[in-house]
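**Q** Questions regarding the structure given below will be posed in turn.
The values are calculated or read from the model by the stated rules, or taken from the named source; none is laboratory data. Note that the coordinates shown come from a computational prediction; the quantities given were computed from them, not determined experimentally. Glycine also receives a Cβ, built like all others from the backbone with ideal geometry; neighbour counts cover every protein chain displayed. All accessible areas refer to the heavy atoms of the entire protein, side chains included, with ligands and DNA or RNA removed. Shrake-Rupley method; radii C 1.70, N 1.55, O 1.52, S 1.80 Å.
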Amino acid sequence: MSLVIRDGTGKDDAVCGRILGAAAGGSVYAERLPHARALFEDFSPLSLSGKLRLIAEIDGRPVGFADYTVAKGHIKSLFVLPGTQGNGAGTALLAGVQDHVEGPISVHVLAVNDIGILWYLRRGFRVVDGWAEPFEGKTAAWLKLVRAPQ
């Protein structure tokens, strides 16, 4: 198995949309927020919209991505395809983001995504804030996690 992290571009919008749809649609929080199922199962292209992007490829096949901003040190999205999780792609994407960001890294996670929250906690993140806001027509709880530079 050959894992490679490369810079992504707008040309990766379609593959990132498919990865996000597959990962979110099959996730635990998709079951816990059934009113948002259509959003989680959306496979449409994911616009880069001014963020930077890293792509994880295993044997030349895109299996994950991270969209982030350097100035804020914030991860907007980090997803890995189900079935390829556990091969280090997510951890390598996170390390790649840290290589580009000088300060702390933050990420917002739906509070019902306990698997995702635990994944970040095991990688040195700490919960620093929480709030509720509308999410697809209903109120949902969010957590802000932050990790100091490693």
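**Q** Could you look through the stretch 86-122, keep only residues that are touching a residue at least 60 places away in the same chain (Cβ under 8 Å), closer than 22 Å to Gly21 by Cβ and part of a loop (DSSP other than H, G, I, E, B), and pick out the one that is most open to solvent (accessible area, probe 1.4 Å)?
**A** Filtering the stretch 86-122 for residues that are touching a residue at least 60 places away in the same chain (Cβ under 8 Å), closer than 22 Å to Gly21 by Cβ and part of a loop (DSSP other than H, G, I, E, B), the one most open to solvent (accessible area, probe 1.4 Å) comes out as Asn87.
**Q** Let me ask something else about it. Only one of these is crowded, with 19+ Cβ neighbours inside 10 Å and at pLDDT below 80: Leu46, Leu54. Name it.
**A** The conditions single out Leu46.
**Q** Here are some conditions: (1) of a type in the set (A, V, I, L, M, F, W, C); (2) under 26 Å from Ser2 (Cβ atoms); (3) open to solvent by 30 Å² or more (accessible area, probe 1.4 Å); (4) not in a strand (DSSP E or B). Phe79 meets all but one. Which one does it not meet?
**A** Every listed condition holds for Phe79 apart from (4).
**Q** Within the stretch 110-132, identify whether any single residue is in contact with an Asp or Glu (Cβ under 9 Å, 6 or more places away or on another chain) and of a type in the set (Gly, Ala, Ser), and answer yes or no.
**A** no
**Q** Taking His108, is it in contact with a Lys or Arg (Cβ under 6 Å, 6 or more places away or on another chain), modelled with pLDDT of 95 or more and either under 25 Å from Pro62 (Cα atoms) or among the aliphatic types (A, V, I, L, M) (or both)?
**A** For His108, the condition - in contact with a Lys or Arg (Cβ under 6 Å, 6 or more places away or on another chain), modelled with pLDDT of 95 or more and either under 25 Å from Pro62 (Cα atoms) or among the aliphatic types (A, V, I, L, M) (or both) - is met.
**Q** Between residues in the stretch 58-69 that are under 13 Å from Gly83 (Cα atoms) and residues that are in a strand (DSSP E or B) and open to solvent by less than 10 Å² (accessible area, probe 1.4 Å), which pairs lie under 7 Å by C-beta distance while being six or more apart or on different chains?
**A** Matching pairs, first to second residue: Pro62/Ile55; Val63/Ala56; Gly64/Ala56.
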